[in-house]
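In what follows, a structure is listed as structure tokens, so that the remarks can point back to it.
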């Protein structure tokens with residue numbers, strides 16, 4: 001079953017509480033999303049580490065309920 005924008009945002013915020021999250025459903029199918037995540041906790045971390053933090057927050061749903069995610073991260 002596809003994930004909702006709200007459930008993706010909730011998972012990210014649970015793991016990264018200060019995150020400002022913007023989610024867009026790219027195709028309207030609940031499977032292809034774009035997410036922009038801005039957080040102070042990204043400060044000093046590489047893009048790779050920032051992305052790992054977000055993917056870990058999705059608790060293994062990537063590739064299952066969530067098919068595709070275009071991810072943009074930025075330190076605040």
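If residue 49 satisfies every condition in (1) exposed (fewer than 13 other Cβ atoms within 10 Å of the Cβ); (2) at pLDDT 95 or above; (3) touching a strand residue (DSSP E or B) at 6+ places or on another chain (Cβ under 8 Å) but one, which is the exception?
(3)
If we keep just the residues of segment 38-62 that are within 13 Å of the chain's Cα centre (by Cα) and assigned to a loop (DSSP other than H, G, I, E, B), which is farthest from residue 6 (Cα to Cα)?
Within segment 38-62, the match that is farthest from residue 6 (Cα to Cα) is 60.
I'm checking my understanding of the structure. Among residues of segment 63-72 that are in contact with a helix residue (DSSP H, G or I) (Cβ under 9 Å, 6 or more places away or on another chain) and not in a loop (DSSP other than H, G, I, E, B), which one is modelled with the highest pLDDT?
Looking at residues that are in contact with a helix residue (DSSP H, G or I) (Cβ under 9 Å, 6 or more places away or on another chain) and not in a loop (DSSP other than H, G, I, E, B), I get 71.
Taking the condition of being in contact (Cβ under 8 Å) with a residue 40 or more places away in the chain, assigned to a strand (DSSP E or B) and either under 20 Å from residue 63 (Cβ atoms) or in contact with a helix residue (DSSP H, G or I) (Cβ under 8 Å, 6 or more places away or on another chain) (or both), how many residues in segment 1-37 meet it?
Residues meeting the conditions: 0.
The values are calculated or read from the model by the stated rules, or taken from the named source; none is laboratory data. Small disclaimer: the values here were computed from a predicted structure and weren't measured. Methodologically, a virtual Cβ is constructed for each residue, glycine included, from the backbone with ideal geometry; neighbour enumeration extends over all protein chains shown.
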